[in-house]
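The structure under discussion appears below in the form of structure tokens.
The values are calculated or read from the model by the stated rules, or taken from the named source; none is laboratory data. Remember, predicted model here, so these are calculated numbers, not experimental data. So basically every Cβ, Gly included, is an ideal-geometry build from the backbone, and we count neighbours across all protein chains shown.
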Amino acid sequence: MRPLYFWYSISNSHNQWIPVVRDITSLRQKRSFFKAREVGIPGVLIMGFLKRLRHSQAWKRMFYERLSEPIHLNIISMFVWLFGSYRKKCEYDLVLRSHHAYALYMAADRAITHNKKRVTIVEFGVSTGAGLMNMQKIAENITKDTGIEFDIYGFDTGDGMPPPISYKDHPDLYQEGDFPMDFDKLQRELHSNTTLVIGEIAETLPKFCEQDFSSSPIAFLSIDVDYYSSTVAALKVLDMEADQYLPMVVVYLDDVEDPLHNSWCGELAAVNEFTDEHVYRKIERHTFLRGYRIFKNARWIDHIFFAHILDHPHRSDLTSTRANIILDNPHIR
């Protein structure tokens, strides 16, 4: 007897939605079934979701982050998932890796404000490439919504993590060879606007920074390199001229959540030292972000920081010609 069935839809060449049923056992026997080109994106998302639920950590996270939220918000989310726009789904954290959705929409909206047609986003620490591919998909949807194009770069050694240098690299948590990449398989899945930069960050970043990003300013940095030393190397991407960035760059720090992470080791130590050493480049957490989110228990919120480019021309313009801001006083008749 077959243990479990589920329904989903795929689109045929005539753009008609066709219901399809498969059992989990037979799907596991056909790994090629997981390819998006064979089942369509909806099928892949469902299978990916079911695969994640096999891990106890996924259930724990769902309980603490989602089911602990007010029930009416979860009910509304069902309707948003079925009928809402892509932006609305992102606002309700219905997109895989919501921190990417938040950061990329922020980048696109800021780009529009500053009359830019495209922006650059960079991931330090690609590993298997799941995050990079996720950003590709989110970027594609946001481009359809906003018209803003994305240039995506992923930095990685390709061979896993290098050896730790000192206690600041958290050798108690990470070691050489962790998180290796299958370069050939990942390269086949990347879009034309996505570039892998393979090698030690300290060696590959200087050449990257020789490019001119003024027409596609850097708008988002995802830092998932675990080590203090690697984060120090990655943050040098913020040492270019001010016009190479948007005035405010979203920064996602992945490795700040474990109880052993602290402000004197790892990514947090590197960020704090960078901020202390730079006059016009400051990185700090967005302390009020939680208040702006519909679902406030999501852990990714505490991973979001902003790099403020204080010498950016937009921040230094003392001759603004916009109309003055005038407030109404409701207590005066």
So the check is Cβ under 7 Å with 6+ separation or different chains; which pairs have a first residue in the range 101-125 that's under 17 Å from residue 212 (Cα atoms) and a second one that's surrounded by fewer than 24 Cβ atoms within 10 Å (Cβ to Cβ) and of a type in the set (Asp, Glu)?
117/149; 118/149; 118/151; 120/151
Can you list the helices (runs of 4 or more DSSP H) found entirely within the range 156-262 that contain at least 1 residues being of a type in the set (S, T, N, Q) and without any contact (Cβ under 8 Å) to a residue 40 or more places away in the chain?
183-189
Considering each residue of the range 286-333, count those that are surrounded by 10 or more Cβ atoms within 10 Å (Cβ to Cβ) and assigned to a loop (DSSP other than H, G, I, E, B), and give that number.
10
Tell me, which residue of the range 65-83 that is of a type in the set (A, V, I, L, M, F, W, C) and in contact with a Phe, Trp or Tyr (Cβ under 9 Å, 6 or more places away or on another chain) is surrounded by the most Cβ atoms within 10 Å (Cβ to Cβ)?
80
Heads up, the helices (runs of 4 or more DSSP H) in the range 79-148 (entirely inside) with at least 2 residues that are among the basic types (Lys, Arg) and at negative phi are 86-91, 130-146
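Residue 321: over 20 Å from the mean Cα position of the chain (by Cα), free of Cβ contacts under 8 Å to residues at least 12 places away in the same chain, closer than 16 Å to residue 232 by Cβ and not assigned by TED's automatic domain parsing to the domain that holds residue 66, yes or no? Write out each step before concluding.
Working: over 20 Å from the mean Cα position of the chain (by Cα): yes; free of Cβ contacts under 8 Å to residues at least 12 places away in the same chain: yes; closer than 16 Å to residue 232 by Cβ: no; not assigned by TED's automatic domain parsing to the domain that holds residue 66: yes.
In short, no.
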Could you tell me which residue of the range 123-135 is nearest to residue 230 (Cα to Cα), considering only residues that are buried (at least 18 other Cβ atoms within 10 Å of the Cβ) and not hydrophobic (A, V, I, L, M, F, W, C)?
125
Based on this model, can you work out whether residue 256 counts as closer than 30 Å to residue 64 by Cα and in contact with a strand residue (DSSP E or B) (Cβ under 6 Å, 6 or more places away or on another chain)?
no
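Test residue 283 against the criterion of being more than 20 Å from residue 108 (Cβ to Cβ), of a type in the set (A, V, I, L, M) and surrounded by 12 or more Cβ atoms within 10 Å (Cβ to Cβ), and give yes or no.
On the way: more than 20 Å from residue 108 (Cβ to Cβ): yes; of a type in the set (A, V, I, L, M): yes; surrounded by 12 or more Cβ atoms within 10 Å (Cβ to Cβ): yes.
In short, yes.
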The lone exception for residue 157 - which of (1) surrounded by fewer than 18 Cβ atoms within 10 Å (Cβ to Cβ); (2) within 14 Å of residue 227 (Cβ to Cβ) it fails:
(1)
